[in-house]
Amino acid sequence: MTTVSREETLNAWAIDAGRRLALAGDELARRQTLSGPRYGNVAPWPGSDDVDFHGTLGAIWIWGRARKLTGEDRFAVNVAAGWSFVESSWRTFVPGVLGPAASDEAPYDCALVLRAALADRAWHGGRDVSVLAGSAARLLGVYLSDLDELGGREFRDPGFLAWSLADYARAVGDRGLLAGARRFVDRAFGMKAPPAFASEPSAGNGLFDFSSTTATRVLAVLSAEGATPFVGAWLRERVAAAAPRTFVPRGMDENAWNACVAAALGRAFVASTDTSFFDAHQSTLAELDRRSIDGALGRQPGFPAETAATFYYALAVDALVKL
């Protein structure tokens, strides 16, 4: 793939990614509550009326990215309603301190606030979401600086948390937050070669296993260090050999887990230009496409299209888009 053809490929992909994110956004918009006490909530799956804080934030991210790539405001009402739900539910899900008394999901919720705010910058129906994002970023920064248990998975995956914080800090130009995220990434991961993605252990118990901690580790390093020539060389020389070449069977949440892997593969290609990452991304995404339902995705075969799995699917689609 020459430099010219690579640029043409990525430009064409961005157009198609916008279409696909809008399709996923349509599916999530259909299940959003637009009246009553749960106004703005996006249910986790069709037919459910459960409150889903991080799922609603994932939907806001999809709607925001769809607008960015298509230039269409078709989800403006949904985004405004989603932020209304987030604001009204804030104290229920986001504690004043991410300490021992906080739920396992609270740091993840903070990370999703940052993701949603980044996708919805300057487009939030008059709401100052920067206040919410600033609070979430400060909480997450302190949490990571004190975090000693680095083996967490799913909601407790430190790579996803650090990736989200570093992306946010870099986007808003907060050097202090970015320095903190970089210190955590250096301490937790460094620039060592990661283990083979496919060797990552499956969850032996619990309800979820949606996050590839190897993939998010790579994403965290990429975001903390930036797309420098040194990082490109690290990806080519130390990460490419560990990356899967195609879809990896898993015992639980295999669709969402592979979508998380594909997100890392896509970002790795953009940063390194190594076509092995591109080929692996395309192969994995093709299988996810085959399993998709009306543009959305269930966590594994036989499951309905779910908000959380669709968010990771959208991250995989968006991964080849230059930020």
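Bear in mind these aren't lab numbers, they're just calculated from the coordinates by the rules spelled out. All values derive from a computational prediction rather than experimental measurement. No Cβ is skipped: glycine too gets one built from the backbone with ideal geometry, and neighbour counts run over all protein chains shown.
Here are some notes:
- Based on Cα contacts under 8 Å between residues 6+ apart, the chain shows a relative contact order of 18 percent.
- A convex hull fitted to the Cα coordinates of the chain yields 125 cubic angstrom per residue.
- Of the peptides 225-233, 288-296, the ranking by mean beta-carbon count within 10 Å, highest at the top, reads 288-296, 225-233.
- Computed from the C-alpha gyration tensor, the three semi-axes of the ellipsoid equivalent to region 252-323 are 22, 11, 9 Å, from longest to shortest.
- Each Lys and Arg contributes +1 and each Asp and Glu -1, all at the Cβ; summed about the Cα centre of the chain, the dipole is approximately 580 debye.
- Packing around the peptides 243-256, 260-273, taken as the average count of other Cβ atoms within 10 Å per residue, puts them in this order, highest first: 260-273, 243-256.
- The calculated pair-distance distribution of region 158-229 uses every alpha carbon pair, bins of 10 angstrom beginning at 0, and gives 20, 47, 25, 8, 0 percent.
- Here, region 68-217 is characterised by an Rg to Rh ratio of 0.98, where Rg is the alpha-carbon radius of gyration and Rh the Kirkwood radius.
- Each residue, Arg138 and Ile15, gets one label point 7 Å from its Cα in the Cβ direction; the gap between the two is 4.5 nm.
- Expressed as a fraction of 2.2 N^0.38 Å, the value expected for a compact globular protein of N residues, the C-alpha radius of gyration of region 40-125 is 1.10.
- For the chain, with +1 on Lys and Arg beta carbons and -1 on Asp and Glu, the positive-most of Ala102, Pro44, Met252 along the dipole: Ala102
- Semi-axes of the equivalent ellipsoid for region 191-323, computed as √(5λ) from the eigenvalues of its C-alpha gyration tensor and ordered from largest down, come to 24, 16, 12 Å.
- P(r) tail fraction, region 130-187 - alpha-carbon pairs more than 19 Å apart, %: 21 percent
- Screening the chain for whole DSSP H helices with an alpha carbon extent of at least 30 angstrom along the helix axis and a mean Kyte-Doolittle hydropathy of at least -1.0 yields 3-30.
- Maximal additional length on extending the Ala171-Arg187 stretch stands at 3.5 nm, based on 0.36 nm per residue less the C-alpha distance.
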